[in-house]
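We did not get these values from a lab; they are worked out from the coordinates using the rules stated. Note that the structure is a prediction, hence the values are computed from the model and not measured. Cβ placement follows ideal geometry from the backbone for every residue including glycine, while neighbour counts extend to all protein chains displayed.
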């Protein structure tokens, strides 16, 4: 048994029991994860300006309407923040709505995974083998935003963000450097793509005006998923039907919000 530094224990308190004494194997695992997070924080966020055309953006909103027709309006899982899973399957689109409705755009966006900073540790062959975990359209109303500077997309390898609507105030996309503890804001305009390792700390500042809409894809080593949530099962059936909701504790719709 070995004793961990108190600073390390504090950072891991949300994922590990609040005990100062852990086994050597557990300590090595924690240290490995900390080192991995630190290394990925040094990778650059790659920006591809105007990667999406206006026609591409219109097509994405068309897929969103197709989702609503098949599954109804999703309920916000957080105040002022609505997520629509455009990779969800339907009766006439068993391979996922986005892939089915816009196959060429699907492939165009999936190609972005190869633009990730090479320092992420994945070889070109490994990037080619990655599959889509989820395709999410995030709509933030005024007051929405992910404020946790230590957020990362656990279980995924590469994350791609595409700005659909930049007519808003606030809502800056930021990344956290584990070495210095500082935050970096990234330019992100309508049609732009941002590509980064999923394990890199990232967050969105609170939206103070207008509405922020972003398409997010996560790529992982599991099979391509078409369920109506962010799946955690890399293979086999996850137990969620295409029309099921991700959580049972959704908030009711808020007044004076902006989603459309």
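Our estimate of slack between residue 154 and residue 190, defined as 0.36 nm per intervening residue step minus the Cα-Cα distance, is 10.3 nm. Given axes a ≥ b ≥ c from the Cα gyration tensor, I'd like to know whether segment 129-208 is rounded (a/c under 1.5), prolate (a/b larger than b/c) or oblate. It comes out oblate by the Cα gyration axes. Within segment 71-92, name every residue whose backbone N is under 17 Å away from a label modeled 7 Å from Cα of residue 233 along the Cβ vector. So the set is 88-90. Each of 153, 166, 148, 117 was scored by other Cβ atoms within 10 Å of its Cβ. Arranged with the fewest first, they read 148, 166, 117, 153.
Our estimate of slack between residue 183 and residue 31, defined as 0.36 nm per intervening residue step minus the Cα-Cα distance, is 52.4 nm. Among 88, 59, 175, 221, which comes first, then next, by fewest other beta-carbon atoms within 10 Å? Placing the least packed residue first, the sequence is 221, 59, 175, 88. Let me make sure I get this right: for segment 46-220, a, b and c are the square roots of the gyration tensor eigenvalues over alpha carbons, sorted descending. Under 1.5 in a/c it's rounded, otherwise prolate if a/b > b/c, else oblate. Which is it? Cα axes put segment 46-220 in the oblate bin. I want to check the label-to-label distance for residue 79 and residue 167. Put each point 7 Å from Cα in the C-beta direction and report it in nm to one decimal. In this crude spin-label approximation the distance works out to 2.6 nm.
Neighbour counts of other Cβ atoms within 10 Å put 158, 45, 223 in the fewest-to-most order 223, 45, 158.
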